[in-house]
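Here's the structure we're looking at; comments come further down.
Only the coordinates and a few stated rules stand behind these numbers; no lab work does. Note that the coordinates shown come from a computational prediction; the quantities given were computed from them, not determined experimentally. For neighbour counting, all protein chains shown are included, and Cβ atoms are generated from backbone atoms with ideal geometry for every residue, glycine included.
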Amino acid sequence: MKTLEELKAIREKMQSQVSMRGEDHARTRILVGMATCGIASGARPVLNKLSDLVQENHMTDRFSVTQTGCIGLCQYEPIVEVLEPGKEKVTYIKMTAEKAEEVYKEHLLGGHVVQNYTLSSADIK
Amino acid sequence: MYRSHVLVCGGTGCTSSGSQQIMVKLRDELGKQGLSEEVSVVQTGCHGLCALGPIMIIYPDATFYAMVKEEDIPEIVSEHLLKGRPVERLLYDETVTPTGIKALSDTDFYKKQHRIALRNCGVINPEEIEEYIGTGGYQALGKVLTEMTPDDVIQVLLDSGLRGRGGAGFPTGMKWKLAKQNDADQKYVCCNADEGDPGAFMDRSVLEGDPHALLEAMTIAGYAIGASQGFIYVRAEYPIAVDRLKIAIEQAREMELLGDDIFGTGFSFNIDLRLGAGAFVCGEETALMVSIEGNRGEPRPRPPFPAQKGLFGKPTILNNVETYANIPQIILNGPEWFAAMGTEKSKGTKVFALGGKINNTGLVEVPMGTTLREIIEEIGGGIPNGKKFKAAQTGGPSGGCIPTEHYDIPIDYDNLLAIGSMMGSGGLIVMDETDCMVDIAKFFLEFTVEESCGKCTPCRIGTKRMLEILDKVTKGQAKPEDIDRLEELCYYVKANSACGLGQTAPNPVLSTLKYFRDEYNAHIYDKKCPAGVCKALLSYYIDADKCKGCTLCARNCPANAITGSVKNLHVIDPEKCIKCGVCMEKCKFGAVYKK
């Protein structure tokens, strides 16, 4: 290594990984339901997709992606909850890796909730 | 890319409680449950809560598992890492609240801490240079080499108010300035990693948890004073630290962060290790340098100071590990940031190694000026078994005891000196009402007598004579005039010894004489040890009202000193009793007492 640019490149490559190990309460938390019902209906690819997207794009200081247990709406799994500090929780249902990517781009980065996938659009009786 | 990182402590404390086996089991179990691609296992340095090892933290949710056992691993993997349900019964108690799991940074142990020197310990894998770079590592070196002159660097250190963390508290910037001013064809940068105080282990923790911070800071020092060679003098008793340093130096050389022409600036610097065999006196700066040169570790008189004539007769700076660990952060965040922490004359933070009668044994880093009460009661979790605080010993064999009346004193260099103790390297041993202060003074003096190099008479013979008097006190054989002789000897040894070891050796005696003279008097006049420690002054008795005649004490007595039959009162024969205390330990009715 002979330049500061090379140092910077390594830093950027590693930063997203290392900054996952912070405890910043201001981060938006993204919870993926990973109980038996969630796993059975395909939550793992969703979880991995979201986690990869956040890390690939150096967003670990803004978002943390973790699993959560069953919230009792097993028929709507895989479920993803987005908890942004100071805002109301948004619950997405019947997610797939592709839909998760859409949510990442539209909602997490763009700030627009993807209404079509939310629990409120499912019209629960 | 991993969605979760499992950090397992690989420091000396957790390694000895089995963290290496935990990691093997964890990787194995992740493989079995098909999670190897999703979850990474990272070996880190010390988290500070050594009493609770082996320690494991799972990110991104920062869940803290304490005292993990191999048999718990399958459950943690299937429940937590797969399904996201933390295994509550295995979590650190402090983080489990009725309303959910608390973040580690909100627990009493971490809330009041401010980690600068320890910032990467327990966070990064010390064996991977990329992780250090990922947290901003080597940025300070880059900044120094490309944007700053050596004088700028020294000015930043002077402005920050950083003082040496090894004991005496000499201003670091001043040390560097003196070494820079002395022209020579060769200069040296040395690091004192010969941590010898009983009870202190913060330097080991930095070496094991964040070795690159030390390498980076030493390279900065080399640039500032105009040296091209550094030496780290580390004890051979720290095998994990030595291994990690070797790996770190190797990696830094591969990346050309050590070696010739660093960052293409023309500046060259190299670092080599020198292993010490563990003599306490080699922590003294002149003895340390003599030892690096390959000679027997004995101090030599100063002046000339190392900044003029140090290692191999060349201008040399010597700082300790914790001091260096602060420097990259000071360069990056600016001297004002550092000087904003602490007290008027002691800036920044200090790491303390908590030991003795305290719940949270381990390492804590707090701003200078934090009170002893805050450190012990709030961060340290208080004293176990409902016992009362009696004194805290700081500064190891060179320091003194701080009694209850100074419990609320803000701890910094000058305040500690004023009350007859010293900062030292930051060992903090807590004592409760069952500790005898004469015995404590004797313990530290035994250490000094053992470690005195023998070069000068006051230290070699003076400390030995002092120990003999203390021994008489603890055996109840001392006369009142012995105390006066002891005190006189203390001042003599202090004033006439050649190096810091002898000059500070009487401190444990002087400070206990100052604050606990009544305890000395009780040993001499009443032939009693108030804390019930000094065996020669104790006798064991059986309370007739409480004894049920169960025979347990008599059966366990190794000296057959207890007589009595079933359901009848037992009696201890003082002639035969060896005062081992087994009867007291075994009695289920609390009938055995000592006085």
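Tally the DSSP beta bridges in the stretch B:190-323 and give the antiparallel ones as a percent, rounded to 5. Walk me through the numbers before you get to the answer.
Details: 1 of 15 bridges.
Of the beta bridges lying entirely in the stretch B:190-323, close to 5 percent run antiparallel.
The stretch between B:TYR491 and B:ASP151, if pulled fully straight at 0.36 nm per residue, gains 118.2 nm over its current Cα-Cα span. Residues within the reach of a label modelled at B:ASP28 (point 7 angstrom out along Cα to beta-carbon, backbone nitrogen below 16 Å), restricted to the stretch B:54-81, are B:69-78. Distance check, please: which entries in B:LYS69/B:LYS102; A:LYS94/B:LYS69; B:LYS357/B:LYS535; B:LYS387/B:LYS527 exceed 28 angstrom between their Cα atoms? From B:LYS69/B:LYS102; A:LYS94/B:LYS69; B:LYS357/B:LYS535; B:LYS387/B:LYS527, over 28 Å: A:LYS94/B:LYS69.
Taken over the C-alpha atoms, the stretch B:450-595 has Rg and Dmax values of 20.6, 65 angstrom. Near B:ASN320, the amide H atoms lying under 5 Å from its own belong to B:ARG165, B:GLY166, B:ASN192; only residues 5 or more places off or on other chains count, and H is placed 1.01 Å from N. Binning the C-alpha pair distances of the protein assembly as shown at 10 Å intervals from 0 yields a P(r) profile of 3, 13, 20, 21, 18, 13, 8, 4, 1, 0 %, listed from the shortest bin outward.
Proximity of backbone amide H atoms, modeled 1.01 Å from N, is registered between B:LYS528 and B:HIS523 at under 5 Å, excluding neighbours fewer than 5 places apart on the same chain. Annotation for the stretch B:493-547 versus the stretch B:32-62: alpha-carbon center distance of 45 Å.
Return one number: the angle in degrees, 0 to 90 and rounded to the nearest 10, between the long axis of the Cα atoms of helix B:172-181 and the longest principal axis of the Cα atoms of chain B. Helix B:172-181 sits roughly 50 degrees off the main axis of chain B. The Cα center of the stretch A:65-125 and the Cα center of the stretch B:580-594 differ in position by 64 Å. Treating each Cα of the stretch B:349-432 as an identical point scatterer and summing with the Debye formula, the log10 of I(q)/I(0) at q = 0.14, 0.16, 0.20 Å⁻¹ comes to -0.37, -0.49, -0.80. Which shape class applies to chain B: rounded if a/c is under 1.5, otherwise prolate when a/b exceeds b/c and oblate if not, where a ≥ b ≥ c are the square roots of the Cα gyration tensor eigenvalues? It comes out oblate by the Cα gyration axes.
The C-alpha atoms of chain B define a longest principal axis, and helix B:437-451 lies at about 50 degrees to it.
Other residues whose C-beta falls under 13 angstrom from the C-beta of A:LEU109 contribute a net charge of -3, scoring Lys and Arg +1 and Asp and Glu -1.
In sequence order, the stretch B:333-338 has phi-based couplings of 9, x, x, 5, 4, 6 Hz under the Karplus curve 6.51 cos²θ - 1.76 cosθ + 1.60, θ = phi - 60°, and Gly or Pro positions carry x. For B:LYS514, neighbours were defined as the other residues whose beta-carbon sits under 13 Å from its Cβ, and their charges (Lys and Arg +1, Asp and Glu -1) total -3. Take each residue of peptide B:122-134, count the partner chain Cβ atoms within 10 Å of its Cβ, and average: the result is 4. Taken residue by residue and averaged, Cβ atoms of other chains lying within 10 Å of the Cβ of B:57-64 number 6.
Quotient of the Cα radius of gyration of the stretch B:4-103 and 2.2 N^0.38 Å, N being its number of residues: 0.98. In the stretch B:129-338, the alpha-carbon atoms span a convex hull of 112 Å³ per residue. Pairs of C-alpha atoms in chain A farther apart than 18 Å represent 54 percent of all such pairs.
What is the average number of partner chain Cβ atoms found within 10 Å of a Cβ in B:427-437? Display every interim value, and only then the final one.
Numbers: counts 0, 0, 0, 0, 0, 0, 0, 0, 0, 0, 0.
Taking the mean over all residues of the peptide, I get 0.
Out of every Cα-Cα pair that the stretch B:539-594 contains, those further apart than 17 angstrom amount to 19 percent.
Please report the antiparallel percentage of the DSSP beta bridges confined to the protein assembly as shown, to the nearest 5.
Values: 42 of 76 bridges.
Around 55 percent of the beta bridges assigned by DSSP in the protein assembly as shown are antiparallel ones.
What does the charge add up to near B:GLY590, with Lys and Arg as +1, Asp and Glu as -1, over the other residues with Cβ less than 13 Å from its Cβ? Before the final figure, lay out each step's value.
Numbers: positive: B:LYS546, B:LYS548, B:LYS586, B:LYS588, B:LYS594; negative: B:ASP543, B:ASP545, B:GLU585.
For residues surrounding B:GLY590, the net value is +2.
Each listed q (0.09, 0.22 Å⁻¹) maps to a log10 I(q)/I(0) for the stretch B:78-216, found by the Debye formula over equal Cα scatterers with no solvent: -0.45, -1.49.
Report, for the stretch B:4-103, the % of DSSP beta bridges that are antiparallel, rounded to 5. It would help to have the intermediate numbers written out before the result.
Working: 10 of 16 bridges.
Antiparallel bridges make up about 60 percent of those DSSP assigns within the stretch B:4-103.
For the stretch B:437-524, what does the alpha-carbon gyration tensor say about shape, rounded, prolate or oblate, given a ≥ b ≥ c as the root eigenvalues, a/c under 1.5 as rounded, and a/b over b/c as prolate? It comes out prolate by the Cα gyration axes.
By count of other Cβ within 10 Å, fewest leading, how are B:ILE409, B:ILE154, B:ILE524 ordered?
Working: B:ILE409 17, B:ILE154 24, B:ILE524 20.
The most exposed by this proxy come first: B:ILE409, B:ILE524, B:ILE154.
Here the Karplus relation 6.51 cos²θ - 1.76 cosθ + 1.60, evaluated at θ = phi - 60°, turns the backbone of the stretch B:358-372 into coupling constants of 8, 5, 8, 5, x, 10, 10, 10, 10, x, 4, x, 5, 7, 4 Hz, with x for every Gly and Pro.
The fewest-to-most ranking of B:PHE447, B:PHE352 by surrounding Cβ atoms within 10 Å reads B:PHE447, B:PHE352. Residue by residue, the stretch B:411-417 carries 3J(HN,Hα) couplings of 7, 8, 3, 6, 4, 5, 4 Hz when phi is fed to the Karplus relation 6.51 cos²θ - 1.76 cosθ + 1.60 (θ = phi - 60°); x denotes Gly or Pro. Relative to one another, the C-alpha centroids of the stretch B:131-181 and the stretch B:401-438 are positioned 30 Å apart.
When you count the other C-beta atoms within 10 angstrom of each residue and take the mean per peptide, B:24-32, B:428-436, A:71-79 line up highest first as B:428-436, A:71-79, B:24-32. The relative contact order of the stretch B:475-531, computed from alpha carbon pairs under 8 Å that lie at least 6 residues apart in sequence, is 36 percent. Three principal axis extents of the stretch B:258-352 based on alpha-carbon atoms, in descending order, are 42, 39, 26 Å.
By the count of other C-beta atoms within 10 Å, a proxy for reagent exposure, B:MET23, B:MET1 are ordered fewest to most as B:MET1, B:MET23. Helix B:19-32 sits at what angle to the longest principal axis of chain B, using alpha carbons and giving 0 to 90 degrees rounded to 10? It works out to around 60 degrees. Residues whose amide H falls under 5 Å from that of B:ILE402, counting only those 5 or more places apart or on a different chain, are B:ALA392, B:GLN393, B:THR394, with hydrogens built in the peptide plane. Available extension along the chain between B:ASP185 and B:ASP272 is 29.4 nm, counting 0.36 nm per residue and deducting the alpha carbon span.
Can you tell me how the stretch B:317-461 classifies by the Cα gyration tensor, rounded, prolate or oblate, using a/c under 1.5 as the rounded cut? Verdict is oblate for the stretch B:317-461.
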